[in-house]
Every structure is written in C-alpha cells, then in structure tokens.
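To start, the structure itself, in structure tokens.
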Amino acid sequence: MRDQTNSRKIEHIRAIEQDGLTDRQGHWFDQIQLTHRALPELSLDEVDPRCQFLGKTLSFPLLISSMTGGDHELVRRINRNLAIAAERCQVAMGVGSQRVMFSSPEASESFALRQLAPTTVLIANIGAVQLNYGMTLEQVRQAIDLLQADGLFLHLNPLQEAVQPEGDTNFTGLTQAIGRLQAELPVPIILKEVGSGLSPADIQAGLQQQIRYFDLAGRGGTSWSRIEHHRRTDPLADIGLKFQDWGLPTPLALKQAEPFLDQATLIASGGIRDGIDMVKSVILGASLCGVAAPLLQPAMESADAVVSTIEKMRREFVTAMFLLGTPDTAALFRNKALIVEER
C-alpha cells in the first residue's frame, strides 16, 4: 500500500499536466448575469472583502482547495508554496488526503505546514470512506494535530472510488460513522465532495449528524473521474470518461442548498475560475470559495507565483463588488437582487 498510495499522488498530478481536459471548463457560472451599478456610491479603495471563517479573519473568501500530499519532492514543494502564499495573502488552505501519511510515514513532512502558515485557516483532510476500512479515531487526530488544523475535511468521493482501479467502495453506514467521529473531535468536520456536488439529501444527512459545514464541490472544474481514467488498464478503461461529467454543477448545488443556509455554512468549489465566479457564489450563499486547478501550476513554480494568482483573483473579486455597489461581503451574501438574469 505504501508505494501504491504515495505514487498515486504523482500519477494524479501528471494526468492533470498531460490532459488539459481534466479541467472540464463547464463555465456554469457564466449563465448567471449580474446587475451593474453605474453609480455605485462608494470608492473602490473602500471596498472591504474580508470575511470570517472558523473563527479567523480572511482577506477575502478564498480557500486554496485540497490538492496533494505525499513523500515526493514535487508534492512537498507544491504544499510549501501554497502554505506560504496562504499566509501571505491571509486566505484559507486545505491539504490533500492525509491517508498517505499512515502508509508512508515520510509523507508527513508534506502536511507539516503550520510553521509556514502560523495564523491563517488550515484544514486537514481524510477520505470519509476510510472510516469503513480501518481508519481509527487516533489516526484522524494525528492528521489534525500534524497540521494543527482549524477543521477537518472528510471528503466524499464515491465516483472517484468507483472508477479507481484500487477504489474503496463500501460506503455502507458511513453517515453514522461520520456523526460518531464528529462527537470525538476538537475541530469541526467539513463534509466535502470532490467534483460531483452535494445534494440536499447529503446536507440533510450531515445536519442530522451535527455537521454544520459543507463544501459542495460541484462539477464544472477538475474531473477526478477523468483523472482516474488515465490510471486504468482493464477492459472497463473508458468508465472514467463515461462519468467525467457526472454530478451537480456548482451553481445548481448552491441553489438546492439554500433551504439549509440557516443551519449550515457552505463552501462553493468546482469550476470557480475567477473573482467574478466567487462573487456569484457568495450571492448564492457560499461563505467561502474553493479554488485548486488555477493554483497548481503556480505552486509548482514558487510561492510568489501563487501569491500573484491569488492577488489577481482578489482584485477581480473587489472590482466586481465595487461594480455591484456592495461595500462588504455581508452586502453580497444571499443578495439575489444582484442577479438580473439566468440563461
């Protein structure tokens, strides 16, 4: 398992590099047309994009979404650059699945990031289905403690596991297992899909287990089904392509989750590619917006390259707020009057 789990991380990165169509470029947010204020009655310099998440103040509602981790210099470089940039820009960061640190102890270094990001939000990450495959409470606590995390992503990836050559597909009884785990942890669990979206039934199930944070992670961006396609060699080798566009587009997942906004905090991710998409997500009820693919290549280069990409998105976000006449994120949140048309 050691070599298999660790090498899979590099195989995923190489698949993304070599196949541009792993980013499905759904552009679902383009169907939402926002209003425009020619008289915004505020100064661009006065726009305040800050927000609160997990008890900390972020410079704007950006989450560097989970990407990778493992015992490889490329992976360590990616995570170091992302963490440095997250701290410098004061945005949140989630790490990739930490399961690998239990089969390859050397991988732990790639997740020991708190010294690089001492003040911002860091989120640990374990595949929820691993609770059905021997993952213990003590191991989950180790993952949280290593990162000194503010929260824990439990990622839900039934499609990825179903098409993965070595996938773990027993999701039986997982909802109650998640509830039992939350009762034992010192930080909140964030239920997270990985590109197919959380349905209202999923959110309701989580709420019943005292989960209050949900990363909807809809389709439109990176397709893990297509990525896993590149790792198959059996007669069913096209199954990853067949399901590459399966799931709920992120704007639809946000709209379907609206009835739960008084009980749940939502993260929008999946196909968010610029600050305008972020603004639309906040209008639809997201408290935070996750981005991964646009930051991967910069993270391979340097922390400065990541910072430059983040600052570009921040400027887009602030400019859109200005053109909507909204002085702060509270004025954006759930303000559907700012939407004038959906195509």
- [ ] Restrict the check to region 167-175 and report whether at least one residue is in contact (Cβ under 8 Å) with a residue 12 or more places away in the chain and either crowded, with 23+ Cβ neighbours inside 10 Å or not in a loop (DSSP other than H, G, I, E, B) (or both).
- [x] yes
Open item on the list: What's the number of the only condition in (1) surrounded by fewer than 20 Cβ atoms within 10 Å (Cβ to Cβ); (2) farther than 17 Å from Ile310 by Cβ; (3) modelled with pLDDT of 95 or more that Ala257 fails to meet?
Closed with: (1)
- [ ] Please work out which residue is modelled with the lowest pLDDT, limiting yourself to region 236-254 and to residues that are assigned to a loop (DSSP other than H, G, I, E, B) and of a type in the set (A, V, I, L, M, F, W, C).
- [x] Leu236
Open item on the list: Please go through (1) out of contact with any Asp or Glu (no Cβ under 6 Å at 6 or more places or on another chain); (2) crowded, with 20+ Cβ neighbours inside 10 Å; (3) assigned to a helix (DSSP H, G or I) for Gly179 and return the number of the only condition it doesn't satisfy.
Closed with: (2)
Open item on the list: Please go through (1) at pLDDT 95 or above; (2) on the phi < 0 side of the Ramachandran plot for Leu54 and return the number of the only condition it doesn't satisfy.
Closed with: (2)
TODO: Among the residues of region 267-290, write down those that are buried (at least 24 other Cβ atoms within 10 Å of the Cβ) and either of a type outside the set (A, V, I, L, M, F, W, C) or assigned to a strand (DSSP E or B) (or both).
DONE: Ile267, Ala268, Ser269, Gly270, Gly271, Asp277, Lys280, Ser281, Ala286, Leu288, Cys289, Gly290
- [ ] State which residue is surrounded by the fewest Cβ atoms within 10 Å (Cβ to Cβ) when the search covers only region 234-254 and only residues that are in contact (Cβ under 8 Å) with a residue 12 or more places away in the chain and among the acidic types (Asp, Glu).
- [x] Asp234
Open item on the list: Could you tell me how many of the residues in region 183-201 are buried (at least 19 other Cβ atoms within 10 Å of the Cβ) and not aliphatic (A, V, I, L, M)?
Closed with: 5
- [ ] Report whether or not Arg273 is at pLDDT below 95, under 15 Å from Ala217 (Cβ atoms) and of a type in the set (Lys, Arg).
- [x] yes
Task: In region 26-41, the residues that are over 22 Å from the mean Cα position of the chain (by Cα) and small (Gly, Ala, Ser) - done: Ala38
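The values are calculated or read from the model by the stated rules, or taken from the named source; none is laboratory data. Quick caveat, the model's predicted, so the values are computed rather than measured. Every residue, glycine among them, receives a Cβ derived from its backbone with ideal geometry; neighbour counts consider all protein chains shown.
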